[in-house]
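Scroll down for the structure; my scribbles are underneath it.
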Amino acid sequence: MVITIPPQEFTEFLNEISKKWQEEWRRSRIFEAEPKDQKKFFTTVAFPYPNSPFHLGHGRTYVTGDIYARYMRMKGYNVLYPMAFHFTGTPIITMADDVAKGDKELLDIFQNIYEIPSEVLPKLSDPLFMANYFKEDIKKAMSELGLSIDWRREFTTIDPNFSAFIVWQFSKLQEKGYVVRDTHPVGWCPVHNLPVGMHDTKGDKEPDIGEYTLIFFETKQGDLAAATLRPETVFGAVAVWVNPKATYVIAEAWGRTVIVSEKSAEKLKFQLDSVKVIKKVSGSELTKMTSVNPITGKEIPVLPADFVDPSTATGVVMSVPAHAPFDYFYLKKVKPNAQPIPVVSVEGYSDLPARDLVESTHPKDDEDLKKLTEQLYRAEFNKGKMRNDVLTLVKSEYRSALESVGGKPVPEGREIITKFLVEVGKGGKLLEIMNKPVYCRCGNEVVVKILKDQWFLDYGNPEWKSLAKELLSKMRVVPEETRKDFEYALDWLQKRACARTRGLGTPLPWDKRWIIESLSDSTIYMAYYTISHKIKEAGLHPFQLTGETWDYILLGKGNPEEIATKTGIGKDLLMELRRHFTYWYPLDMRHSGPDLIPNHLSFFIFNHAGVFPKELWPRGVAVNGFILYEGKKMSKSLRNIVPLRKAIRIYGSDVVRIALTSTVDMGSDANFTESVAKSISDSLKRFFELLDYTSGSQLDGTPEKWLRSKLNRIVKESTPLMEEMKYREVVNDLLFNLSSYINEYLEMVRSESREYNPKVIREVLEVWTKMISPFAPHTAEEVWHRLGHESFVVTETWPVPDEGKIDDKIELEHEYYKQLIDDIRAILNVYKGKPSSVTLYVHDGSLRRLVSTALEVLSKGGSVKEFMQTNQPKTKEEAKRLQRVVQYVTEMSETNKRLLKVEDDEMEMLRRGIPFIRYKLNLEVEVLQFTEEVGKLIKKEALPLRPAIVLK
């Protein structure tokens, strides 16, 4: 057979047709969307930071969004999929600074991984040159990936007209009291003295600020400030741990003399007004002292522990061996005679749950102990109660104040003891980066700072939080299981610094010393997409885009004639801008990654709820997993970063699109591998080869009916899967199952000693080309045109199944033949000799009613006893027969169960299958009636849909 694919490598062929069709789409402007009398679908993906080229991991979200956009176009929607670029904040400036400093690792990655020309590298030290250079490179990557973007709407976040839009947004938020000036903890870069958010950190890691409770254990040199997340267990503290190899300091802080690690003292300066270091002391020196438990009054030792991290909190930890696996494990080594003191009771554990876990699991290292700690922490927090006898451990003068703690659930006990410790001056609070270490893009570790007199978005405002939760409750979330992550994030969010004194962006309208930061100007920009191209076309200036202008366009407030007079924008143009916005808004779907749920996506919800009326709230958000490369996370240290444009050159755009998005479920991480890419490429190639199946038989028999049935079933089942973005199942059917069905069909016609029917092959190709189009648009376009069409397949209608061609009986019969072939092969594997034929003895149907009855009873949840009572055997022989029927039914395949209901002539069905069975086994096949005499002769039995098999 002649293959129509050109002789060059298939990947080169894919790249050639990709360029061809991308150019055709551009020339025909088919992705440029305008309001029309048609249902609309507006979708966006997070606009990128152009501070480096795209790598393979960036591609998944953009293609995921594009697949759905293309699908919705084919479903008859007027689809808008726009794109812009995020220049705001410090990431671009910091990266340019690193280039200027000659950062060897960065320059090596740029030159040797991203293949940036050496003459360009020095120019990247200019932030704006860098941003624009990478912007153009990312645009090329997006185009080469085949994204169906309306590029007329492109803008950057430092464009003056966009800044006018952000000024309006923040003015609205301030009017409603959602922007406040306050004191609040923030992630902080100690070098640039700036608040730090996710986009300001290496690896885009959001600083997670948490609170430790401090408990002051008195010593002769000052109070050891032990930091804990479990202050309720202080009753059972039998020692204090310090790291013997670390340096500690005696310092004045919290109005007292305290002992903390040297690293902690440095960080405390960002949280307390006054921290005065008096002198340094080694950890080993501290272990020569004793301390006093402030709640029990008992003297306890200070013990050495290498597992104590001096950079976390204060570097001082209390030891509670009854409830901390680390403490129990190491205390047995250091002080074996120390007696654990139980404080919390929890169902399923003894009085000493830490001992239970350690002695039953025998942890090998600190990682094992960490897992045990997390396990016990969860159990005690969720199910634990403070012991009723805990008050007997308390100093007499504190007992009346703490008498309510006994019997309380752990969370309540924690609250009581924390409040008490602070009130009596025996404790305090300390903030820490819980997911440390987090590094600013400049390379310094982020700390917590109590920021005073700073502008915050008050996400803790009860009114605003309530609106955000209402929005989420009405919004579609894909996959649905991520909704809980959104709910947690909306609950958890409080005040967030929204401005910086360094970076690119829009000045705060009422305090221009501050620049609105990158996660605050990227929340409702989707609204700007709806009119950005019209603003450019009209040549409008920022001074014309006043608050009144935006109020009218986006909220419908004000008189367009008066606004036109004030701004110089024509009334008709104002009304046109309003028409464009109201046509496209609200946003129908927002695509992003899971790392943006606690920040960008939650801010997106809050800001829409805070600025727009409910009818303009976004309708959906989709969250996809990350990308691994050959099973590993891409990282600089592993040198396994694969630039996206390079991957497209190596594998082809359509192969990359499918590998990134359609090999795992939406919420799971996808593993891009060489073998997966080859498998996808081979499958695409197979469908190209079908273009040459143009001449053959005109016979339209059972094989053709079977293939049409399979094809229409795929169409029927794939459509709801596409709606739910279950791409893996759809692609599995389109690329692999359908290819298998075609091969099966070709075997079926060969078994009838004839050729395939080219008409049915074309039918398959026509439908396949449409359905694969969202995933592999370039391949689909090429096949579509080679089939003789002149229209673009990407604008064709999504296929509708022809239900009349779905034939359960034909499909089940063929599945039954394959099942029978497997059974015969199993016998052949152990058969001695070389058989030339197989005889199938078909059951006479006498047990069919019993088998059907048993199947009905058991499928409805009935018991064997119920079936036996229904049929009431009169003899032992009848009872054995009924038991045999029940056993057979419990072992029946799903195919046979379904076939039993639709096939009433087993003999005739098997005779129809003789040619296929003979072809697959290369044996003569005879089908005969089973009788008692035959059974005695061959010493086998037959049952309905289970013939006796005899090889000769």
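Just a few scattered comments:
- In this rough spin-label picture, where each label sits 7 Å from Cα along the Cβ direction, the Glu723-Tyr488 distance is 3.0 nm.
- Less than 5 angstrom separates the built amide H of Phe41 from those of Asn78, Val79, Leu80, all sequence-distant by 5 or more or on a different chain.
- For Val260, the amide hydrogen comes within under 5 Å of the amide hydrogens of Val249, Ala251, counting only partners 5 or more places away or on other chains and with H modelled in the peptide plane.
- Two-decimal Rg to Rh for the stretch 810-951 - Kirkwood Rh, Cα set: 0.99
- Pairwise label distance in nanometres, Val191 with Thr257, each label 7 Å out on the Cα-Cβ vector: 3.7
- A straight Cα-to-Cα reach below 15 Å connects Lys876 with none of the aspartates and glutamates, residues fewer than 8 places away in its own chain not being considered.
- Nearest-0.05 FRET efficiency for Arg399 and Glu926, computed from C-beta distance (R0 60 Å): 0.05
- Proximal aspartates and glutamates relative to Lys279, as straight alpha-carbon distance under 16 Å, when same-chain residues fewer than 8 apart are discounted: Asp223, Glu252, Glu262, Glu266
- DSSP-defined beta bridges in the chain - what % are antiparallel, rounded to 5: 70
- Across the stretch 836-863, the residues whose backbone nitrogen lies under 19 Å from the label position 7 Å along the beta-carbon direction of Thr890 are 850-863.
- Förster-model FRET efficiency, 35 Å R0, Glu747 and Arg786, C-beta, rounded to 0.05: 0.85
- Span-like helix ranges in the chain, DSSP H, alpha carbon extent 15 angstrom or more, Kyte mean at least 0.0: 160-175, 410-423, 758-772, 848-859
- Distances between placed amide hydrogens fall under 5 Å for Val446 paired with Val438, Tyr439, Cys440, all partners being 5 or more residues away or on another chain.
- Approximating the spin labels as points 7 Å out from Cα along Cα→Cβ, the Thr853-to-Lys75 distance works out to 4.9 nm.
- Across Lys383/Lys726; Lys383/Lys484; Lys140/Lys202; Lys176/Lys474; Lys332/Lys371, pairs whose alpha-carbon gap is larger than 28 Å: Lys383/Lys726
- The calculated FRET efficiency for the pair Ser125 and Asp665, based on their C-beta separation and a Förster distance of 41 Å, comes to about 0.45.
- Measuring max minus min along each principal axis, the C-alpha atoms of the stretch 213-433 give extents of 48, 43, 32 Å (largest first).
- Percent of Cα pairs in the stretch 1-140 per distance bin of 5 Å, from zero to the largest separation: 2, 8, 13, 15, 15, 13, 12, 11, 6, 3, 1, 0, 0.
- Of all DSSP-defined beta bridges confined to the stretch 213-433, some 85% are antiparallel rather than parallel.
- Per the Debye formula on identical point scatterers at the alpha carbon atoms of the stretch 285-408, with no solvent, log10 I(q)/I(0) at q = 0.14, 0.19, 0.22 Å⁻¹ is -0.69, -1.21, -1.41.
- Gained length - Glu445 relative to Glu803, 0.36 nm times residue gap less alpha-carbon distance: 122.7 nm
- When the C-alpha to C-alpha distance is required to be over 32 Å, the pairs from Lys75/Lys685; Lys429/Lys632; Lys364/Lys426; Lys874/Lys940; Lys19/Lys818 that qualify are Lys429/Lys632; Lys364/Lys426; Lys19/Lys818.
Read-outs throughout are calculated quantities, based only on the coordinates presented, and are distinct from any laboratory measurement. For clarity, every value in this text was computed on a predicted model and none was experimentally measured. For neighbour counting, all protein chains shown are included, and Cβ atoms are generated from backbone atoms with ideal geometry for every residue, glycine included.
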